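Asker: Sharing a structure below in structure tokens format, with a few things to ask.
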Amino acid sequence: MDIEVIGVGGYDEVGRNMTAVRCGKEIVVFDMGLRLDQVMIHEDAEIENMHSLDLIQMKAIPDDTMMNTVEGSVKAIVCTHGHLDHIGAIPKLAHRYNAPIISTPYTTELIRQQIAGEQKFGVNNKLFALKAGQKYTISQHLTLEFVRTQHSIIDTVTAVLHTPHGAVVYACDFKLDRTPVIGEPPDFARLRQIGKEGVLALIVEAVNIHSKGRCPSERIARDLVRDTLTSYEDDKGAIIVSTFSSHISRIKTITECAHEIGRKPVLLGRSMEKYSSAAEQMKLVSFPQTTSMFGNRRTVDRTLRRVMKSGPENFVLVVTGAQGEPGATLSRIGAGETPYKIQKGDKILFSAKVIPNPLNYGQRYLLETRLKMAGARIHDELHVSGHAYLEDHYEFVNLLNPQHVIPAHGGLGMTGAYADFVGGLGYTLQNDLHLFKNGQRVKLN
Ligand SMILES: [Zn+2]
């Protein structure tokens, strides 16, 4: 049985991930992601109504038309976590394949919601929720295993495809967090065992390869948030915290700190409500009892009016808009479009970093300038990354000891730097180390 890896998307950019692994005549697809900034450039783009081919042309979703040149049939679509750059293209592409979509329970719920919001295509693929630590028999020759890991969204796994020639490990995305705020550390014992059994190939994210040392634990972010939120002399005025709406661990920390200082946590914004209520309903997180959440614009504005009236010093607002996205709650507050008017001395905490692209930098600059002009005090970068740093990658490669390495999830600036790093461990290009551009492929045996 020959085994081939096909880099469909996410090899020229961060975003729109999709990698296929062909084993003989059977194909397993990992991720179908969306690159959101490519969509935001087009102001009037409503993804729900758009055709796949137009989105492919915009470079917003992977160009899977090349899959026609891969001989075999897709037996499974596998997603390792619920970030949009891994699941966002499912409503546009999955219906072309007669295969189940296998992902962790929380990811499956997010995929279900994605599909429900789709206007253009009917997506009827079976959804299968596989927990970390469990296996799924794809066919006589192929078994999928999910190994527990950590990332900036809950219920993330490293996917391991067991083939007759060894395991193909798909590690996009992960961090080796030994003291996470929710869940348990990565399953190092199982990873080590898989390494001993034999890993044919490691397909691995390269997002933070330029960062030396180890990625700080989420516990460090909790300390940063707590230090800022719970210790100050002036306890009047509003505290507004913005973070990634899918970062449930962080939101848990913020709500707990709010509770600690006797303020009610209020989650505001459509996606803030979506991710947190799903996690709460699935009992993957519990927030303090005083926590409330509001998604649609009318109820958000009604709540902000109530906050204004009863005194902002009684609340901590947890809002969308850390990237300054137009229409997000913090952006609307900054633009004076909500009943909440920023007062002199209000504290605005960013528990997120700006995702580095010029559009975000511009929008965030606009937002911060508006907030500061209204008298707000800005606290920035109360945040740690969800992606492995260089020394984490070193440990990871040592644990798995793969025959072949394929860096993914990033342009050549990132995947090339990963190649440099792993070159130092003895891997050589075109032999057992493979650098892709989108659409390139390699046979491993
Ligand atoms: Zn991710």
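The values are calculated or read from the model by the stated rules, or taken from the named source; none is laboratory data. Quick caveat, the model's predicted, so the values are computed rather than measured. Backbone-built Cβ (ideal geometry, glycine too); neighbour counts: all protein chains shown. Please note that ligands, DNA and RNA were not included when accessible areas were found on the heavy atoms of the full protein model with its side chains. Shrake-Rupley method; radii C 1.70, N 1.55, O 1.52, S 1.80 Å.
Asker: Of the residues that make up the stretch 170-178, is at least one buried (at least 21 other Cβ atoms within 10 Å of the Cβ), under 13 Å from I77 (Cα atoms) and in contact with a Leu (Cβ under 9 Å, 6 or more places away or on another chain)?
Answerer: Restricting attention to the stretch 170-178, the residues satisfying the condition of being buried (at least 21 other Cβ atoms within 10 Å of the Cβ) are 170-177.
Now drop any that are not under 13 Å from I77 (Cα atoms), which leaves 170.
Now drop any that are not in contact with a Leu (Cβ under 9 Å, 6 or more places away or on another chain), which leaves 170.
Checked against the condition, which is being buried (at least 21 other Cβ atoms within 10 Å of the Cβ), under 13 Å from I77 (Cα atoms) and in contact with a Leu (Cβ under 9 Å, 6 or more places away or on another chain), the stretch 170-178 yields at least one hit.
Asker: Right, something else. Could you please let me know if V169 is in contact with an Asp or Glu (Cβ under 6 Å, 6 or more places away or on another chain) and either away from the ligand (no atom under 16 Å from the Cβ) or part of a strand (DSSP E or B) (or both)? Outline the logic, then answer.
Answerer: Values: in contact with an Asp or Glu (Cβ under 6 Å, 6 or more places away or on another chain): no; either away from the ligand (no atom under 16 Å from the Cβ) or part of a strand (DSSP E or B) (or both): yes.
Here the answer is no, as V169 does not meet what is asked.
Asker: Looking only at residues that are under 21 Å from S246 (Cβ atoms) and assigned to a strand (DSSP E or B) in the stretch 351-409, which one is nearest to the ligand (Cβ to nearest atom)?
Answerer: By that ranking, first place goes to A408.
Asker: Another question about this same structure. Counting only residues that are buried (at least 24 other Cβ atoms within 10 Å of the Cβ) and under 17 Å from the mean Cα position of the chain (by Cα), which one in the stretch 222-244 is nearest to M308 (Cα to Cα)?
Answerer: Top of the filtered list is S242.
Asker: Please determine whether any residue of the stretch 410-431 is on the phi > 0 side of the Ramachandran plot, modelled with pLDDT under 95 and within 16 Å of the ligand (Cβ to nearest atom). Give the steps one after another, and end with the answer.
Answerer: The first filter runs over the stretch 410-431 and keeps only residues on the phi > 0 side of the Ramachandran plot, leaving 410, 426, 430.
Then drop every residue that is not modelled with pLDDT under 95, which leaves 410, 430.
Now restrict to residues that are within 16 Å of the ligand (Cβ to nearest atom): 410.
The answer is yes, given that some residue of the stretch 410-431 is on the phi > 0 side of the Ramachandran plot, modelled with pLDDT under 95 and within 16 Å of the ligand (Cβ to nearest atom).
Let's see how each residue does on (1) hydroxyl-bearing (S, T, Y); (2) part of a helix (DSSP H, G or I); (3) open to solvent by 10 Å² or more (accessible area, probe 1.4 Å):
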position: K59; (1), (2), (3): no, no, yes
position: M66; (1), (2), (3): no, yes, yes
position: E71; (1), (2), (3): no, no, yes
position: K75; (1), (2), (3): no, no, yes
position: V78; (1), (2), (3): no, no, no
position: H81; (1), (2), (3): no, no, no
position: D85; (1), (2), (3): no, yes, yes
position: L93; (1), (2), (3): no, yes, no
position: N98; (1), (2), (3): no, no, yes
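Asker: A further question follows. Hey, among I182, I153, I203, which residue is within 16 Å of the ligand (Cβ to nearest atom), open to solvent by less than 10 Å² (accessible area, probe 1.4 Å) and assigned to a loop (DSSP other than H, G, I, E, B)? If you could, list the steps in order and put the result at the bottom.
Answerer: Details: I182 fails: open to solvent by less than 10 Å² (accessible area, probe 1.4 Å); I203 fails: assigned to a loop (DSSP other than H, G, I, E, B).
It is I153.
Asker: Quick check on my filter: what residues within the stretch 341-376 are farther than 30 Å from P180 by Cβ and among the basic types (K, R)?
Answerer: K341, K344, R370, K372
Asker: Moving on to the next point. Looking at the structure I just gave you, is V225 in a helix (DSSP H, G or I), in contact with a strand residue (DSSP E or B) (Cβ under 8 Å, 6 or more places away or on another chain) and not charged (D, E, K, R)? Reasoning before the result, please.
Answerer: Values: in a helix (DSSP H, G or I): yes; in contact with a strand residue (DSSP E or B) (Cβ under 8 Å, 6 or more places away or on another chain): yes; not charged (D, E, K, R): yes.
So V225 fits the description; yes.
Asker: Among the residues of the stretch 130-143, is there at least one that is away from the ligand (no atom under 15 Å from the Cβ) and crowded, with 24+ Cβ neighbours inside 10 Å? So that I can check it myself, show each step before the final result.
Answerer: Applying the first criterion (away from the ligand (no atom under 15 Å from the Cβ)) to the stretch 130-143 yields 130-143.
From what's left, crowded, with 24+ Cβ neighbours inside 10 Å: none.
Taking every residue of the stretch 130-143 in turn, none turns out to be away from the ligand (no atom under 15 Å from the Cβ) and crowded, with 24+ Cβ neighbours inside 10 Å.
Asker: Same structure again: When you check G133 against the structure, is it outside any loop (DSSP other than H, G, I, E, B) and of a type outside the set (A, V, I, L, M), yes or no? Walk me through it before giving the result.
Answerer: Numbers: outside any loop (DSSP other than H, G, I, E, B): no; of a type outside the set (A, V, I, L, M): yes.
It is false that G133 is outside any loop (DSSP other than H, G, I, E, B) and of a type outside the set (A, V, I, L, M).
Asker: Going through the stretch 398-422 one residue at a time, which ones are over 20 Å from G9 (Cβ atoms), open to solvent by less than 10 Å² (accessible area, probe 1.4 Å) and of a type in the set (A, V, I, L, M)?
Answerer: L400, V422 - these are the residues of the stretch 398-422 that are over 20 Å from G9 (Cβ atoms), open to solvent by less than 10 Å² (accessible area, probe 1.4 Å) and of a type in the set (A, V, I, L, M).
Asker: With respect to S331, determine if the residue is surrounded by fewer than 14 Cβ atoms within 10 Å (Cβ to Cβ) and over 18 Å from I254 (Cβ atoms).
Answerer: Details: surrounded by fewer than 14 Cβ atoms within 10 Å (Cβ to Cβ): no; over 18 Å from I254 (Cβ atoms): yes.
Considered against the rule, which asks whether it is surrounded by fewer than 14 Cβ atoms within 10 Å (Cβ to Cβ) and over 18 Å from I254 (Cβ atoms), S331 comes out as no.
Asker: Further question on the same structure: Out of the residues in the stretch 46-99 that are more than 25 Å from V442 (Cα to Cα) and small (G, A, S), state the one that is nearest to the ligand (Cβ to nearest atom). It would help to see each step written out before you state the result.
Answerer: Here is the first cut: in the stretch 46-99, the ones more than 25 Å from V442 (Cα to Cα) are 46-55, 58, 81-84, 88, 91-92, 95.
Filter once more, so that each one left must be small (G, A, S): 52, 82, 88.
Values: S52: 22, G82: 8, G88: 11 Å.
In this case the residue turns out to be G82.
Asker: Still on this structure: Restricting the search to the stretch 362-394, which residues are of a type in the set (S, T, N, Q), farther than 18 Å from S331 by Cβ and open to solvent by 40 Å² or more (accessible area, probe 1.4 Å)?
Answerer: Let us first name the residues in the stretch 362-394 that are of a type in the set (S, T, N, Q), namely 363, 369, 385.
Those left that are additionally farther than 18 Å from S331 by Cβ: 385.
Residues satisfying the conditions do not exist here.
Asker: Is there a residue being part of a strand (DSSP E or B) and surrounded by 15 or more Cβ atoms within 10 Å (Cβ to Cβ) anywhere in the stretch 29-52? Step through it out loud before you land on a result.
Answerer: To start, the set of residues in the stretch 29-52 that are part of a strand (DSSP E or B) comprises 29-30.
In the following step, the residues that additionally are surrounded by 15 or more Cβ atoms within 10 Å (Cβ to Cβ) were identified as 29-30.
Yes, the stretch 29-52 contains at least one residue that is part of a strand (DSSP E or B) and surrounded by 15 or more Cβ atoms within 10 Å (Cβ to Cβ).
Asker: State all residues of the stretch 361-387 that are under 23 Å from S152 (Cβ atoms) and of a type in the set (G, A, S); if no residue qualifies, say none.
Answerer: S385, G386
Asker: Run E280 past the list (1) without any contact (Cβ under 8 Å) to a residue 40 or more places away in the chain; (2) out of contact with any Phe, Trp or Tyr (no Cβ under 7 Å at 6 or more places or on another chain); (3) part of a helix (DSSP H, G or I) and report the number of the one that doesn't hold.
Answerer: Failed condition: (2).
Asker: Name the pairs: first residue in the stretch 434-445 and open to solvent by less than 60 Å² (accessible area, probe 1.4 Å), second residue among the aromatic types (F, W, Y), Cβ to Cβ under 7 Å, at least 6 apart or on different chains?
Answerer: Listed by first residue and then by second, the contacts come to F436/Y11; N438/Y11.
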